[in-house]
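What follows is one structure encoded as structure tokens, with my remarks underneath.
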Amino acid sequence: MDADLGAAIIGEFIGGYRSQKNLADAALAQLDEAEWHVPLDEESNPVSVIVRHVAGNLRSRFTDFLTTDGEKPDRDRDGEFELTQLPVPSLLAEWQEGFRILLDTLGALTPADLNRTVYIRGEPHTALSALTRNYAHTSHHVGQIVLLAKHLRGERWRTLSIPRTRKP
């Protein structure tokens, strides 16, 4: 891969993940403690579960990204989906740590690394493919966080983008 193109791709991932994190952070900041733990229904995940899942996924995938399988043996993926009453500061610490690991890893990548083979659950992927796959996964869950936060806040919701123009 051309070095300039590779560097641009890595830069786009860094900027994109930061943007996704900022969007989720702005939604999370609007929730009170109790709202973090409210699912829409019995089959839905509350924000607390989604935050733990994204954090666990980022930690697992991006710790030793180029040298070990992305599904680490110490990850309890199923446990990430169990309802939790962890306090918000603990949940945010996991969230911040997952994104720190991700962004540190991305910052250390070189354009040549994008063509390297990495493994997720024993399945080979190019690093670029694994990044694209994870970016889509993370973005999906960020959208869930924003939707849940907006739903839970109702009229108290403060928009995260340009507000709609209300017609008289």
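The values are calculated or read from the model by the stated rules, or taken from the named source; none is laboratory data. Predicted model, so just to flag it, every value in this text is computed and none were measured. Cβ sites come from the backbone with ideal geometry, for glycine too, and all protein chains shown count toward neighbours.
Observations on the model:
- Of the residues making up region 58-90, those that are polar (S, T, N, Q) and in contact with a helix residue (DSSP H, G or I) (Cβ under 7 Å, 6 or more places away or on another chain) are T63, T84, Q85.
- Exactly one residue out of R116, R52, R121, R75 is basic (K, R), under 14 Å from the mean Cα position of the chain (by Cα) and at pLDDT 95 or above: that is R52.
- Among the residues of region 85-110, those identified as surrounded by fewer than 15 Cβ atoms within 10 Å (Cβ to Cβ) and within 18 Å of the chain's Cα centre (by Cα) are P89, S90, A93, Q96, E97, R100, D104, G107.
- Filtered residues of region 105-120 (kept if touching a residue at least 40 places away in the same chain (Cβ under 8 Å) and out of contact with any strand residue (DSSP E or B) (no Cβ under 8 Å at 6 or more places or on another chain)): T105, L106, G107, L109, T110, P111, A112, D113, I120
- Filter pass, K21 being part of a loop (DSSP other than H, G, I, E, B) and basic (K, R): no
- Any hit, region 66-84, residues being aliphatic (A, V, I, L, M), crowded, with 19+ Cβ neighbours inside 10 Å and within 27 Å of A27 (Cα to Cα): no
- In region 111-127, residue surrounded by the most Cβ atoms within 10 Å (Cβ to Cβ) [restricted to those that are hydrophobic (A, V, I, L, M, F, W, C) and touching an Asp or Glu at 6+ places or on another chain (Cβ under 9 Å)]: V118
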